[in-house]
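A short worksheet on the structure shown next.
Bear in mind these aren't lab numbers, they're just calculated from the coordinates by the rules spelled out. This one's a predicted model, so the numbers in the text were calculated from it and none came from an experiment. Here Cβ is always computed from backbone atoms with ideal geometry, including for glycine, and neighbour counts include all displayed protein chains.
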Amino acid sequence: MTAPEFTLAEYLLLPELKLIQVNWSLGLLVCEKRSEAEVCHRCATLCRSGYDRRWITVRDGLLREKAIRLRIQKRRFYCPNCRKPFTESIEGILPRRKTTQRLRRELREACERFVDLKSVRETFKVSNDTVYRALYEQLRYSTQERVNTPWPAVIGLDEHGWRRREYVTMVVNHSRRYLIELVPGKSLEQLKEHLAYIPGRENVRYVTMDMCESFRNFSALYFPEAKRIADKFHVLRMLSGPIMKKRRQITGKNADRKARGLLLVNGKTLGYFEKLAIDRYLQNHPELRELYHWKEALHGFYRIRGQRRARIALEAMLDRMKGSELPEIKRLRKTLLNWKDEVLNYFEARLTNARVEGFNNKASLVRRRAYGYRSHSNYRLRLLSACA
């Protein structure tokens, strides 16, 4: 074997190992650990004399798409304090493991790049169980770094379904743009139980959320000094469903698709002829015209600058809603009265739940790529990694 080949093999070794022999055709590196003393794993006693040796073979990462194996000679020691034997440890290989941590990190990176786990298994020539265990072990290590991270100044709350009739709540750091935690369920008790380990609740100043009563109760109880903000998008879409339902009653499910698109768009962004087409369409449908009018009023309300002006405009709009006979407008007025403070807090910080909704979209892609999850812990680890 030439000197460059031997140097390359030494470069691939773990820090504490010394190369003895190389067989590139088999991808085998024979090596040993040389140290003057070892520390007992049980009592931390320093032991200097060994009494036996044994060979182990562990799998390492790939070199030019070829699997590398390490054949290591390890020494056995006898602890004079606890009077029990032990085998010396090697940095980069956990006890009772047949793979190096370097290989397990490569497996995790490959799981993120490859389309499916079968491709990872065939590339690295390992079993499905090894790929599965290495992936979630490495994901668990990466999430442990954020265990003691305190609450940020601005957080967002939102839920989505991950299994049939089962929901999870995403808690997002708006400032640093990452997912803090994924809580199974959305009730007050579940949120308190799974978020109690995070320190620094007094740091939170703003909490953005959709119009969910359990989120509001949790924020009021857990972050009493923070201001709660109802998401602007969820307020604006409250009339989208009634408008579409009324339109289907008038024109049918698949008829007049152009009107369907124009009715939900902010009227401020429409051109002259588009506005003219909507006015002509709504002339003969007074109920649909009234729903469209209040939808445009909500858009105009969110164009106001300043919390004091917004409060005056909201109170005036609620007074005008009293004269409406439509049940949809009555429900809208009741909801706005119930969430009045949270709606007006938007004009102080102008924060939305857009980042949380983006993470919800990423969660849908993660579930679709894996064809669904059965374990919440695995789903949590994948999302914490994907939304890091």
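Can you work out the Karplus-derived ³J(HN,Hα) for every residue in the range 287-303? Use 6.51 cos²θ - 1.76 cosθ + 1.60 with θ = phi - 60°, whole Hz, and x for glycine or proline.
These are the phi-based 3J(HN,Hα) values: 5, 5, 5, 5, 4, 5, 4, 6, 5, 5, 5, 5, 4, x, 4, 7, 8 Hz.
So, by mean Cβ neighbours within 10 angstrom, what's the order for 110-119, 162-171 with the highest one leading? If you can, show how the numbers build up before the last one.
Details: 110-119: 13.4, 162-171: 15.7.
So the order, starting with the most tightly packed, is 162-171, 110-119.
Top mean-square fluctuation among F347, F233, F218, Gaussian network model of the chain, C-alpha springs under 10 Å?
In the Gaussian network model the winner is F233.
Provide the packing ranking of 284-296, 135-147, i.e. peptides ordered by the mean count of other C-beta atoms within 10 Å per residue, highest first. Let's see the in-between values first.
Working: 284-296: 17.2, 135-147: 14.8.
Those peptides, ordered most packed to least, come out 284-296, 135-147.
When the Cα centres of the range 1-79 and the range 356-388 are compared, how far apart do they sit, in Å?
39 Å
Taking a cut-off of 19 Å between Cα atoms, list the lysines near K192, but don't count ones fewer than 8 places away on the same chain.
Qualifying lysines at Cα under 19 Å: K227.
Put one equal scatterer on each alpha carbon of the chain, apply the Debye formula with no solvent term, and list log10 I(q)/I(0) at q = 0.06, 0.09 1/Å to two decimals.
-0.43, -0.75
Compute the distance in nm between two label points, each set 7 Å from the Cα along the Cα-to-Cβ direction, one at K268 and one at R97.
5.5 nm
Determine ³J(HN,Hα), in whole Hz, for all residues of the range 111-122 in sequence, where each value follows from phi through the Karplus function 6.51 cos²θ - 1.76 cosθ + 1.60 and θ = phi - 60°; x replaces Gly and Pro.
Coupling constants for the range 111-122: 5, 6, 8, 6, 6, 9, 6, 5, 5, 5, 4, 6 Hz.
Can you grab the distance from the C-alpha centre of the range 80-141 to the C-alpha centre of the range 204-254, Å, no decimals?
Taking the Cα centre of the range 204-254 as reference, the centre of the range 80-141 is 45 Å away.
If you fit an axis through the alpha-carbon atoms of helix 272-282 and take the longest principal axis of the Cα set of the chain, what angle between them do you get, 0 to 90°, nearest 10?
The angle comes out near 70 degrees.
Given the rule -39500 (n - 2.57) for each run of at least 4 DSSP H residues, summed and divided by the residues of the chain, what is its mean residue ellipticity at 222 nm, to the nearest 500 deg cm²/dmol?
Working: 17 runs with 182 residues, N = 388.
After summing the helix terms and dividing by the residues of the chain, the value is -14000 deg cm²/dmol.
At a 10 angstrom cut-off on C-beta neighbours, averaged per residue, how do the peptides 99-109, 21-31, 273-283 rank from highest to lowest? Intermediate values should be presented prior to the final figure.
Numbers: 99-109: 19.0, 21-31: 15.3, 273-283: 13.4.
Going from most to least packed, we get 99-109, 21-31, 273-283.
Compute, for the range 101-145, the length of the dipole vector about the Cα centre, with Cβ point charges of +1 (Lys, Arg) and -1 (Asp, Glu) only. Units Debye, rounded to 20. Present the calculation step by step, with values, prior to reporting the outcome.
Details: 10 positive and 8 negative charges, 27 e Å.
Dipole size: approximately 120 debye.
How far apart, in nm, are the 7 Å Cα→Cβ label points at R309 and Y178?
Modelled inter-label distance: 3.9 nm.
With the contact rule set at Cα under 8 Å and sequence spacing of 6 or more, what percent relative contact order holds for the chain? Working shown, then result.
Working: 526 pairs, mean separation 47.7, N = 388.
Worked out over the chain, it gives 12 percent.
How large is Rg/Rh for the range 101-145, to two decimals, with Cα atoms and a Kirkwood Rh?
Details: Rg = 9.9 Å, Rh = 10.3 Å.
Reported Rg/Rh, Kirkwood definition of Rh: 0.96.
Hey, can you grab everything whose amide H is under 5 Å from the amide H of E181? Only 5+ residues off in sequence or another chain; H modelled, so Pro and N-termini drop out.
V171
Spelling out what I want: for every residue of the range 313-325, take phi, set θ = phi - 60°, compute 6.51 cos²θ - 1.76 cosθ + 1.60 (Karplus), and round to whole Hz; glycine and proline get x.
5, 5, 5, 5, 5, 5, 5, 5, 5, 4, x, 7, 9
Pick out which of E315, E65, E225 has the largest mean-square fluctuation in a Gaussian network model of the chain, springs linking Cα atoms closer than 10 Å.
Result for the chain, Cα springs under 10 Å: E65 fluctuates most.
At 7 Å along the Cα-to-beta-carbon direction for both L188 and V366, put a label point, then send me their distance in nm to one decimal.
Here the answer is 2.9 nm between the modelled labels.
Of K232/K334; K246/K295; K125/K362; K295/K322; K232/K322, which pairs sit farther than 19 Å apart, going by alpha carbon to alpha carbon? Provide the component values of the computation, followed by the final result.
Working: K232/K334 17 Å; K246/K295 14 Å; K125/K362 30 Å; K295/K322 16 Å; K232/K322 23 Å.
As for pairs spanning more than 19 Å Cα to Cα, those are K125/K362; K232/K322.
What is the extension gain from R201 to R105, computed as 0.36 nm multiplied by their sequence separation minus the C-alpha to C-alpha distance, in nm to one decimal? Before the final figure, lay out the partial values.
Details: separation 96, 0.36 × 96 = 34.56 nm, distance 3.40 nm.
So the extension gain works out to 31.2 nm.
Taking the chain as the reference, fit the longest principal axis to its C-alpha atoms, fit the long axis of helix 376-386 to the helix C-alpha atoms, and give the angle between the two in degrees, 0 to 90, nearest 10.
That helix lies at roughly 90 degrees to the long axis.
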